[in-house]
Every structure is written in C-alpha cells, then in structure tokens.
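Student: Have a look at this one before I ask anything.
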Amino acid sequence: MSQPPMGEWHVERQIIDLSKKRGKAKNRRRGPQQNGRTKLKREDVPMASGNPAAAPADVALSVRELSVSLPQGMERTYAIENISFDLKRGQILCIIGESGSGKSVTANAIMGLLPKVIRVTSGAIHLNGTNIVGLAPEKLRSLRGRIVSMIFQDPLSALNPLMTVGAQIEEVMAAHDVGTPASRRSRAIDLLIEVGLPDPQLMYHQYPFRLSGGQRQRVMIAMALALEPAILIADEPTTALDVTTQAQILQLIRDIQRRKGMSVMFITHDFGVVAEIADYVVVMEKGHCVEHGTAAQVLKSPGHLYTRRLIAAVPHLTGKDRVPLEVAERVSILKVESLAKTYRSGSALFGKQRIVAAVNGVTFELASGRTLGVVGESGSGKSSLGRLLIKLMESDGGSILFEGRDIAGLSEAEFRPLRPKIQMIFQDPFASLNPRSTVGQILTVGPVAHGMTYGEACERARELLSHVGLDSGAFGRYPHEFSGGQRQRIGIARALMFKPKLLIADEAVSALDVSIQAQILKLLDQIQRETGVSMIFITHDLRVASQICDEIAVMHRGQIVERGPPSQIFLDPKSTYTRELVAAIPGEQPGSMPQHVGYGGHYFGGETL
C-alpha cells in the first residue's frame, strides 16, 4: 500500500488537533471585528489582483488572500482564511501562533503538500512571480527542493528509517537529475560538514535512529539545502530540542541564511525563539493573520490582544523560589542513593561494544509535597532516571527508598502493589493514550485491574475529568477528538486515578504551545497544593522548571552536577555546564523580550491572572 507524502501526515495531525469538538461546521465569514479580533485592513498588506502579478524585485514569496477549506464537521469552515503576507529576499519571517492557528497548513499549501481532504479555495501564492496555486503536480515537484525546501517538525518521522543519512541526502539530488553518483556523494558529505555534524564520513553511513534529536534535525537541514533553494521553510524545527541544541540549530539556520542570502519562513509557537531570529513577524489565530510587523514592533509594542497574551504566556526565569506547600509534617517520600544504569550495544567479542553510563551514581532526596526538577540536555540521563524510578527498567546498582522501602531490587510481582502509588505523566499524550479506547476506558482500566469496582472507577474518572478542566462528555470520546493540551489533561487525570504519592512528569509540556504549557503548569501546581503529591518534573526547558520546581537538579552525562533552589541555579550557578544551559535559553538575553508585567500578568488560556 502506498503511503502519502510525509507532509500529508503532518497536516492531517494538525487537522485532528483542530477538531476539539464534533458538530456541524458554522459557515460564516468574519467581519472586520469579531470576538475582539481586529482583522488586517487592505492597506496594511497589498492584496493580489485577479491575475498573477509580478511581485516586487525584493519579494521572494508573496501570499495573497489565501483560503484553505476544512472538511465538513470541523470546528470551523477554513483552516486559513484570506491571509496575506510577503517574504522578502534575505529575510527571516516568523509565523507564530498556537496549534490550530493555521501555521503548518500555510507552509504545506506553499509546498503543495496539502492532503486531499482539504484544498485551496481562493487566493494566490506567488513564487518568483509565478502563481503556484493550481499548478500541475509535476511542475510543483520541480520547484520543491530546487526553489523552496522545507524542514519538518519531527525529523525522526520525516526521515526514512530504512535508508542511511547519506542515501537520503543523495535522493534529493537524484530526484532532480542533478550530478553523478560520485558528485552527489561528495556533495552530501560537504553538506554534512556545513551543518556541523561530527565525523561526516561516518555520519554518511548512519541510520536516523542512531542519531540524537539535534543531529537528525541537522540532517533535515542538509537535505533541505542540497539544491541551494532560494526559500527555506522551517516548521517548528526546534520545538522538542533541549535549550543548547535549540540555540545551535537557530544559530545554524541564521548563519546559513546570511551566508547564502536565502529567505527563511520560520514557523514557531515560542516568542522566545522569535526574539532570537526574526526580522519580520506574522501572528496567526484560528486561521487569520491578526498582526504583523517587524520583530521589534511586535515584541515591544504588540497591538492585538492575542499577541499580548502569547507574549505573556512565554515562561521566563523567575529568579525567585517557589512558595512552599504547607504540610502538617514534612517527611521523606523518596531517597535515591548511588543509582546506576549502563547501556551496552554492539559486540564485545569483536571489540565494537559501546558502553554508555546513562545514570551514574545519582543521589538525591525528595520530601512530601515538594517538586524536584531534573534538567539537562538530550542524552544527559533524565528520562532514564525517570524510568528507573517507576521501574519501567531495572537498575544496575544503588537504592531507591520509597516511603522507607528499597524498591530497586523488587521483582515486578513484588512491586505491582506499589505501582498505584507512583504514577507517570508521559511526554507525548497522543502516543501514550490507546487510540482504540474511549477516555472512560483509558481512565478506569487500571483501577479496575487493581480491585476498584467499575462503578467507583467511573465516578472517580468523571470527577477527575471535571477537575482537570474537561467536560463530562469527554468520558465517551476518543483521544483523537482532543487537542494536544486536552490530551495531556487526560494523561494527568489517568495518573491521578490511583491517588498517587509520587508523580513523575517526563517532558510533560515540552511539545505544547506556550499558552497551553501555562495552563498545564497551573493545573499541576493546583493539584499538588490540593493533594500534597510529590513530583519529579523532568524537562529540558529551564524556563518551565523555574516556574514549578522547589529544587532543581542539573544532569550531565548521567551525573547530577549541581543541585539547589531556582534562585541559585539560574541566578548564581556554580557549575560551568549550568551556566552554559542558562546562557542558551532563547529570549532571556537582556532586552530581547518584554516581561509580562505590562500585559497584566501571566496568561492561562483566556485568563489573565
């Protein structure tokens, strides 16, 4: 069976995220003002005429009055409606907005990668003066890679797992009949050098699963640059990367753009990234362009309420310690001593065995009602530590004292009665929820398996759904019917079904929009203050850690290199590695981002607190 292009999968996921509730689509055109949104006036952005007009010489890409319709039954009629903007030559244009705002649909419309279920209904896309809307597929294919290229959000799913890195870069050139096999190989190695990958000769023969997230993203950039395109579209290329890798990728894109004089359309939901890289900004909300201007104008003097809310939702290093939870008696809930886990791969017989100390002598203690943040780069051992604590894998040494009992050496059968007391919130809520089960089944199956009656489990599930901000109708719906933030709320409700003593949140907000992040962080804080549950919060985003953690442990190469309250870690770090992490945080340099104060405090999904 043939599969759709990788871009189609990406857009279809976006469409699923748009369908937050079922019902008939409301066919309506928005007027100049509706629900507090000010629509762009015609004089703000020059509109396209009926026939394709020659764009100004300094414009590489011009989008005019573009509308893309959604299938019937969606929350709204259009994925994007009457949007217009220009991308000038040598400019970095950032398109920013929450999930469902139409950012990725816009990018895929430009690339001609829209799935069959949605289509362009009106408007024009001028690429080098030619309107590409309605262009024949073979002509569009000749433009992709050669004139305009795209870096996709998830490199692991965008790269072919059965092909080596070198073969995939060469395939781009072979598809356009560029060069000979020998010249294509030489060009591929040159590109691997250009994007800063170590040992390019070895990297050429590697498969994607052997690379880190940052390395895979560099391979995607190399593929996009293979034919020297004039325009580069980057769709959330740094969303799931740690701060240092994110800083490296942003610097790489900026350097390549300046060196080659390319035009870059950078899609993001993080204004911290915008502050680092953008020349010009377009803000999108629910398929509409609500504001545009230079980066300095939009960041320092945002005119639209939605823009101000997005900026207010960006987490910042607080520099203040969290107000501790008041408890009758503070006792130790978890004590870890000299915990170790080593990964081995390859063959010791032939001398090619690779040994990685993922967790190396980790020691810490967590009191009841407290949150310990574990931060570090990808590969630092954070997630391995989380899996050891919940016994999803066995440790090689050390002890894990939970409520005074060492659980490190327990068998699965011995640990099973304790499992309800230690629960986990996973990074990807879509992948961790069974797509064939309703939310009610997902929430009740565990408690019923541990002896709770079905009626009691259903009652508690409905209570928790209400507690995490979902309506009662969510009980009978399936995971694909919810947005990313709503699915994470379901994951939190599932973890709370057992009334746990310890919650382990593994990158629980890393893939969410900043405003949705703010909602989930507020919810976790509220739950902890109401239930007294202890938390281990694993994250690569130090800004998020400073918002919710009482204490922070910095991990590097399997070891805790520094530990202390947020005020010490972020304002007076002792370790060189910690200082490097803090320096790499996007938008935290002096003067790069406005603070929240001018916009009425923190924004939590429509509430200004």
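The values are calculated or read from the model by the stated rules, or taken from the named source; none is laboratory data. These numbers were taken from a predicted model, which means no experiment stands behind them. Glycine gets a Cβ as well: all are built from the backbone with ideal geometry, and neighbour counts include every protein chain shown. Side chains are part of the model used for accessible areas, which takes the heavy atoms of the whole protein and leaves out ligands, DNA and RNA. Shrake-Rupley method; radii C 1.70, N 1.55, O 1.52, S 1.80 Å.
Student: Could you give every pair whose Cβ atoms fall below 7 Å, whose first residue belongs to the stretch 440-453 and is touching a residue at least 60 places away in the same chain (Cβ under 8 Å) and closer than 15 Å to LEU464 by Cβ, and whose second residue is open to solvent by less than 20 Å² (accessible area, probe 1.4 Å) and β-branched (Val, Ile, Thr), counting only separations of at least 6 or pairs across chains?
Tutor: Nothing qualifies.
Student: Let me ask you something else. What number of residues in the stretch 172-203 are of a type in the set (D, E, K, R), open to solvent by 80 Å² or more (accessible area, probe 1.4 Å) and closer than 18 Å to GLN217 by Cβ?
Tutor: 1
Student: Residues that are of a type in the set (D, E, K, R) and buried (at least 21 other Cβ atoms within 10 Å of the Cβ): does the stretch 529-539 have at least one?
Tutor: no
Student: Also, quick follow-up: Pick from the stretch 62-102 the residues that are basic (Lys, Arg) and within 26 Å of ASP255 (Cβ to Cβ): which of them is most open to solvent (accessible area, probe 1.4 Å)?
Tutor: ARG89
Student: A further question follows. Can you name every residue in the stretch 398-431 that is among the small types (Gly, Ala, Ser) and either at positive phi or touching a helix residue (DSSP H, G or I) at 6+ places or on another chain (Cβ under 6 Å) (or both)?
Tutor: Matches in the stretch 398-431: GLY398, GLY404.
Student: Within the stretch 304-316, is even one residue more than 22 Å from SER84 (Cβ to Cβ), modelled with pLDDT under 90, surrounded by fewer than 16 Cβ atoms within 10 Å (Cβ to Cβ) and among the charged types (D, E, K, R)?
Tutor: So far as the stretch 304-316 goes, no, none of its residues is more than 22 Å from SER84 (Cβ to Cβ), modelled with pLDDT under 90, surrounded by fewer than 16 Cβ atoms within 10 Å (Cβ to Cβ) and among the charged types (D, E, K, R).
Student: Also, quick follow-up: What's the total number of residues in the stretch 277-290 that are buried (at least 24 other Cβ atoms within 10 Å of the Cβ) and among the acidic types (Asp, Glu)?
Tutor: The qualifying residues number 0.
Student: Filter the stretch 452-481 down to residues that are open to solvent by less than 40 Å² (accessible area, probe 1.4 Å) and either touching a helix residue (DSSP H, G or I) at 6+ places or on another chain (Cβ under 7 Å) or within 15 Å of ILE520 (Cα to Cα) (or both), then give me how many there are.
Tutor: Of the residues in the stretch 452-481, 10 are open to solvent by less than 40 Å² (accessible area, probe 1.4 Å) and either touching a helix residue (DSSP H, G or I) at 6+ places or on another chain (Cβ under 7 Å) or within 15 Å of ILE520 (Cα to Cα) (or both).
Student: Mind counting the residues in the stretch 504-521 that are outside any loop (DSSP other than H, G, I, E, B), in contact with a Gly (Cβ under 9 Å, 6 or more places away or on another chain) and of a type outside the set (Gly, Ala, Ser)?
Tutor: Going residue by residue through the stretch 504-521, those that are outside any loop (DSSP other than H, G, I, E, B) are 504-506, 514-521.
Still in the list and also in contact with a Gly (Cβ under 9 Å, 6 or more places away or on another chain): 504-506, 514-520.
Next cut, of a type outside the set (Gly, Ala, Ser) only: 504, 506, 514, 516-517, 519-520.
Summing the residues that are outside any loop (DSSP other than H, G, I, E, B), in contact with a Gly (Cβ under 9 Å, 6 or more places away or on another chain) and of a type outside the set (Gly, Ala, Ser) in the stretch 504-521 gives 7.
Student: Could you tell me whether ARG141 is free of Cβ contacts under 8 Å to residues at least 60 places away in the same chain, basic (Lys, Arg) and closer than 30 Å to VAL59 by Cα?
Tutor: Considered against the rule, which asks whether it is free of Cβ contacts under 8 Å to residues at least 60 places away in the same chain, basic (Lys, Arg) and closer than 30 Å to VAL59 by Cα, ARG141 comes out as yes.
To keep it simple, each residue is scored yes or no on (1) at pLDDT 50 or above; (2) closer than 30 Å to ASN128 by Cα; (3) out of contact with any Phe, Trp or Tyr (no Cβ under 7 Å at 6 or more places or on another chain).
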residue	(1), (2), (3)
LYS20	no, no, no
GLY23	no, no, yes
PRO32	no, no, yes
ALA60	yes, yes, yes
VAL63	yes, yes, no
MET74	yes, no, yes
PHE85	yes, yes, yes
CYS94	yes, yes, no
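Student: I've got another one for you. All but one of (1) modelled with pLDDT of 90 or more; (2) open to solvent by 10 Å² or more (accessible area, probe 1.4 Å); (3) over 23 Å from LEU433 (Cα atoms) hold for ARG494; which doesn't?
Tutor: It fails just one condition, (3).
Student: Any chance you could count how many residues in the stretch 280-303 are touching a Lys or Arg at 6+ places or on another chain (Cβ under 8 Å) and at pLDDT 90 or above?
Tutor: 7
Student: Still on this structure, please answer the following. Taking GLY409 as meeting all but one of (1) farther than 18 Å from LYS501 by Cα; (2) more than 27 Å from the chain's Cα centre (by Cα); (3) open to solvent by less than 40 Å² (accessible area, probe 1.4 Å), write down the number of the exception.
Tutor: (3)
Student: Let me ask something additional. Please pick out the residue among PHE426, PHE415 that is closer than 24 Å to GLY446 by Cα and open to solvent by less than 10 Å² (accessible area, probe 1.4 Å).
Tutor: When all the criteria are applied, what remains is PHE415.
Student: To continue, here is another question. Among the numbered conditions (1) surrounded by fewer than 18 Cβ atoms within 10 Å (Cβ to Cβ); (2) free of Cβ contacts under 8 Å to residues at least 40 places away in the same chain, tell me where ILE132 comes up short.
Tutor: (1)
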